[in-house]
Amino acid sequence: MSKNLMETKETNRLTREEEEEEEDDDEDSREAWTEEENEEDGDENDEDLEFLCLFCEFKYSSCDALFDHCRLTHFFDFNGIRKDLGLDFYGSFKLINYVRSQVADNRCWSCGVRCQSKQDLQSHLHPSVNTKDVKRLLDDDKYLNPFMQEDSLLYSFDGGEEDENECNTSFEKEEIVKDFGSVCIDDDDTAEETELNAGTYNKDKKTVMACPNGHLSLASSSKRITENGMDYGESARSVESDPKDKQSRVYIADVVEKDIKKVNDSYFGSYSSFGIHRDMISDKIRTDAYRQALLKNPSLLNGAVVMDVGCGTGILSLFAAQAGASRVISVEASEKMATVATQIAKDNGLWRSKTDSEGNKSCTGVIEVVNRMVEDLDKSIQIQPHSVDILVSEWMGYCLLYESMLSSVLFARDRWLKPGGAILPDAATIFVAGFGKGGTSLPFWENVYGFNMSYIGKEVVEGAAKFPIVDIINHHDLVTNAAVLQSFDLATMKPDEVDFTGTAELEAKNDTSDHEATACYGVVLWFETGFTSRFCKEMPIVLSTSPYTPKTHWSQTILTFREPISVASSKFTAEGSAAVGTDACPASKILLRISIARATQHRCIDISLETAGVGSNGRKRSWPVQMFNLT
């Protein structure tokens, strides 16, 4: 096989040299070609120049274009990996076949996780953690055999000087594109759909590329792109390298930025409903935690400058003023709620007018409301950087991170909080546990006025495995211990640490009989935030949304397995041949790998769930990864 590859490579090299000589001979005649003739020539050769993506059905007419697509959309940097691993022609040949074989099996080329479907695989793909593990796999000579018949990519990726010229062309194009503002590049057939559905950030002439698989890949001419603290990646080439590439077209558009604005307007507009604010204020666990943290720690609040990010009605700002703050800057992006918060502060004699700030001591008001997103605060008010003593915000969403507001809080922290200043709350932790049949709707449907309707219940549970559910789980329905999935130190964490992958190990609860198995139908996530003694020295406070504590408006977030996993004590005697996770061989441990990241759809989050079971006899079984989108 190696000999045949060498012959093929040499043949291709000679063919390219002959083609280059012919092109030199015909240079004068080519200059006389018309644009129509160029298009006709392109049509004749389109079929020969099509290279199929390693991960999706999209085709490109140049290797550079394909590898840019793979790098930006599928987190697969072919040229970077070749360089890191020092792959020669044969190693690179194997790499392509290896990746194609893994994708055909719905398996991640990097970590080896097998997904349920192609769509799940596309959502799961991630940057490689350790490419050296992949190199060991490439030692297998079976990857010298083309996985896909007539794979033109195998004989074209090693283009030498030709590739170098193409890269130069791409760079020159990028310099030109800088002058044209926001540029989107997409396939002719998907342009209309992309224009309507693109859902990521585009600002200050940054370039965004929307890809036909529904994922967005991003590029800028020189800098990284961020929105609400979300980092969208390094700069990348803005256009395809082949000037004759008919598959791509450039059009001037700001659809992505408009989409972000639309989502933000909708998001902040939703908080104009007084019903939402009543629900939050009526949540005694929530409101009392903030009230005590602010009122019961006088050494922290007395005379302090406080910034309240996302003030809503201004309830936290009112607490801060009541606790003795000298100035409270209340930031609210909803125009209606900013007006409401201003009037409430005035009605309670706590409004700080412009004349107050200029030295009028006849009024004791300390609250000033600014109608802006915190990222745009400088456009409305001048605040010295690092001049705020305390940053307070009720930023938590479902599953802690829904709504992506934490990024805004971290932005405010880095810009305005004093070194050593207090952030309230200053700690957050996500927990996970397994729940049983009682956490599903099955018990309800099993007895409906004496009739068995469990057929409906089973279908409902199957459907629940496709979507996250925000609901209350009774602690009696938990069948495993609780484990910490991820902890955040809000005073020191980096903005990009909002997206994370955590692992947890669950075991059957201690009250489970040693000789009985019980079904675990899924896992439930909840969070706690802490006002710790680091800042709240007189009275530290914990705000918990646990099933073991009184319910809150956040409830819990439920992720249902596609099939229940039987769990039991490690003392359970399992049948040697039975599959792990069945009643005959229940899992003594459930191993979880959960990733939570901000989704392409602004302010939403994606959750991936990887599950494995370990039997009491040490045997292990893994289930296909599940993908959830919390919108």
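The figures follow:
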read-out: Any chance Leu506 is in a strand (DSSP E or B), touching a Lys or Arg at 6+ places or on another chain (Cβ under 8 Å) and within 23 Å of Leu630 (Cβ to Cβ); value: yes
read-out: Qualifying residue in segment 387-407 (condition: in a strand (DSSP E or B) and open to solvent by 20 Å² or more (accessible area, probe 1.4 Å)); value: yes
read-out: Among the residues listed as Lys336, Lys346, the single one being of a type outside the set (Gly, Ala, Ser), part of a helix (DSSP H, G or I), free of Cβ contacts under 8 Å to residues at least 24 places away in the same chain and open to solvent by 50 Å² or more (accessible area, probe 1.4 Å); value: Lys346
read-out: Single residue of Tyr90, Tyr98, Tyr60 found to be of a type outside the set (A, V, I, L, M, F, W, C) and at pLDDT 90 or above; value: Tyr98
read-out: Flag if Trp554 is in a loop (DSSP other than H, G, I, E, B), surrounded by 15 or more Cβ atoms within 10 Å (Cβ to Cβ), within 29 Å of the chain's Cα centre (by Cα) and hydrophobic (A, V, I, L, M, F, W, C); value: yes
read-out: Given (1) surrounded by 24 or more Cβ atoms within 10 Å (Cβ to Cβ); (2) in contact with a strand residue (DSSP E or B) (Cβ under 6 Å, 6 or more places away or on another chain); (3) within 30 Å of Thr480 (Cα to Cα), number of the condition Leu424 does not satisfy; value: (3)
read-out: Long-range neighbours under 7 Å by Cβ, at least six apart or interchain, first residue acidic (Asp, Glu) within segment 262-289, second open to solvent by 40 Å² or more (accessible area, probe 1.4 Å) and at pLDDT 80 or above; value: Asp279/His553; Asp283/His553
read-out: Single unsatisfied condition, Gly438 versus (1) open to solvent by 10 Å² or more (accessible area, probe 1.4 Å); (2) in contact (Cβ under 8 Å) with a residue 40 or more places away in the chain; value: (2)
read-out: Where Pro547 falls short, out of the listed (1) in contact (Cβ under 8 Å) with a residue 60 or more places away in the chain; (2) surrounded by fewer than 22 Cβ atoms within 10 Å (Cβ to Cβ); value: (2)
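Residue-wise test of (1) of a type in the set (Gly, Ala, Ser); (2) closer than 27 Å to Arg598 by Cβ; (3) out of contact with any Ser or Thr (no Cβ under 8 Å at 6 or more places or on another chain).
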residue: Arg82; (1), (2), (3): no, no, no
residue: Gly86; (1), (2), (3): yes, no, yes
residue: Lys94; (1), (2), (3): no, no, yes
residue: Asn106; (1), (2), (3): no, yes, no
residue: Ser110; (1), (2), (3): yes, yes, no
residue: Ser128; (1), (2), (3): yes, yes, no
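The values are calculated or read from the model by the stated rules, or taken from the named source; none is laboratory data. Remember, predicted model here, so these are calculated numbers, not experimental data. Glycine also receives a Cβ, built like all others from the backbone with ideal geometry; neighbour counts cover every protein chain displayed. We work out accessible area using only protein heavy atoms, side chains counted, and drop any ligands, DNA or RNA first. Shrake-Rupley method; radii C 1.70, N 1.55, O 1.52, S 1.80 Å.
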